[in-house]
Amino acid sequence: MRSIIVSVIFALVLLMTACSDKPVVPEQLPVQVKTFIQQTYPGEAITFAQKDLELTGWKYEVFLVDGTHIEFDTDDMWDKIESPVARPVPQQLIPAPIASHLQANFPGTVVTKIDKERNGYEIELANGMELKYNKQGVLREMDD
């Protein structure tokens, strides 16, 4: 019985691997993904998009002309954004307590990456600092 379960799991993993990372025409992206991009990055064109099959559903990755890379979770909500220094992560996407902490402790430094994690957020600054915050916006860890 155990070997059957292991075989089924192995077959599912192989099937999912074969189905992952498929290019998507921007027009075929979910409405919520397209709306987010249009509202957050107005006028910015999508250069490439792909979808990836996960156990919980489809995830999407979108690359914009300016070099911004956005990952969306299975609920079509942004999950991770990496931006070039010339176009930092939009301020409205940074939770207020984190934005306040950054402004007080790293004035003038821009956020180039924000990643939603299970227990909070990971932020990367243009100066190379990586900061981890809990869900309440309290700094937990810092690495340079």
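The values are calculated or read from the model by the stated rules, or taken from the named source; none is laboratory data. These numbers come from a predicted model, not from an experiment. Note: ideal-geometry Cβ built from the backbone for every residue, glycine included; neighbour counts use all protein chains shown. Ligands, DNA and RNA are stripped out before the accessible areas are found, and what is left, the full protein with its side chains, is counted by its heavy atoms. Shrake-Rupley method; radii C 1.70, N 1.55, O 1.52, S 1.80 Å.
Within segment 101-130, being over 16 Å from the mean Cα position of the chain (by Cα) and on the phi < 0 side of the Ramachandran plot holds for His101, Leu102, Gln103, Ala104, Asn105, Phe106, Pro107, Thr109, Val110, Ala126, Asn127, Met129. Of the residues making up segment 116-144, those that are of a type in the set (Val, Ile, Thr) and under 21 Å from Ile70 (Cβ atoms) number 1. Here Asp75 clears all of (1) touching a strand residue (DSSP E or B) at 6+ places or on another chain (Cβ under 6 Å); (2) among the acidic types (Asp, Glu); (3) closer than 20 Å to Ile37 by Cβ except the condition numbered (1).
Scanning segment 43-58 for residues that are more than 19 Å from Lys113 (Cα to Cα) and crowded, with 19+ Cβ neighbours inside 10 Å yields a count of 1. Pick from segment 71-80 the residues that are of a type outside the set (D, E, K, R) and out of contact with any helix residue (DSSP H, G or I) (no Cβ under 7 Å at 6 or more places or on another chain): which of them is farthest from Thr109 (Cα to Cα)? Going through the qualifying residues, I end up with Thr74. Is it the case that Pro97 is of a type outside the set (A, V, I, L, M, F, W, C), at pLDDT 95 or above and either farther than 27 Å from Gly128 by Cβ or in contact with a helix residue (DSSP H, G or I) (Cβ under 6 Å, 6 or more places away or on another chain) (or both)? No, not satisfied.
Among Ala104, Ala49, which is the only one that is in a helix (DSSP H, G or I) and at pLDDT 95 or above?
Ala104
Looking across Pro84, Pro30, one residue alone is modelled with pLDDT of 95 or more and surrounded by fewer than 16 Cβ atoms within 10 Å (Cβ to Cβ). It is Pro30. Go through the residues of segment 59-77 one by one and say whether even a single one is open to solvent by less than 30 Å² (accessible area, probe 1.4 Å) and in a helix (DSSP H, G or I). Among the residues of segment 59-77, not one is open to solvent by less than 30 Å² (accessible area, probe 1.4 Å) and in a helix (DSSP H, G or I), which makes the answer no. Answer yes if at least one residue in segment 62-79 is touching a His at 6+ places or on another chain (Cβ under 9 Å) and within 24 Å of Tyr41 (Cβ to Cβ), and no otherwise. Yes; the residues of segment 62-79 include at least one that is touching a His at 6+ places or on another chain (Cβ under 9 Å) and within 24 Å of Tyr41 (Cβ to Cβ). On the stretch given as segment 112-144, residues that are open to solvent by 40 Å² or more (accessible area, probe 1.4 Å) and either part of a strand (DSSP E or B) or in contact with a Cys (Cβ under 7 Å, 6 or more places away or on another chain) (or both) total 11. Across segment 87-101, the qualifying residues are those that are part of a loop (DSSP other than H, G, I, E, B) and more than 23 Å from Glu141 (Cβ to Cβ), and the one among them that is least open to solvent (accessible area, probe 1.4 Å) is Pro90.
Evaluating Ile37 against the criteria (1) open to solvent by less than 80 Å² (accessible area, probe 1.4 Å); (2) hydrophobic (A, V, I, L, M, F, W, C); (3) modelled with pLDDT of 95 or more; (4) not in a helix (DSSP H, G or I) leaves one unmet condition, (4).
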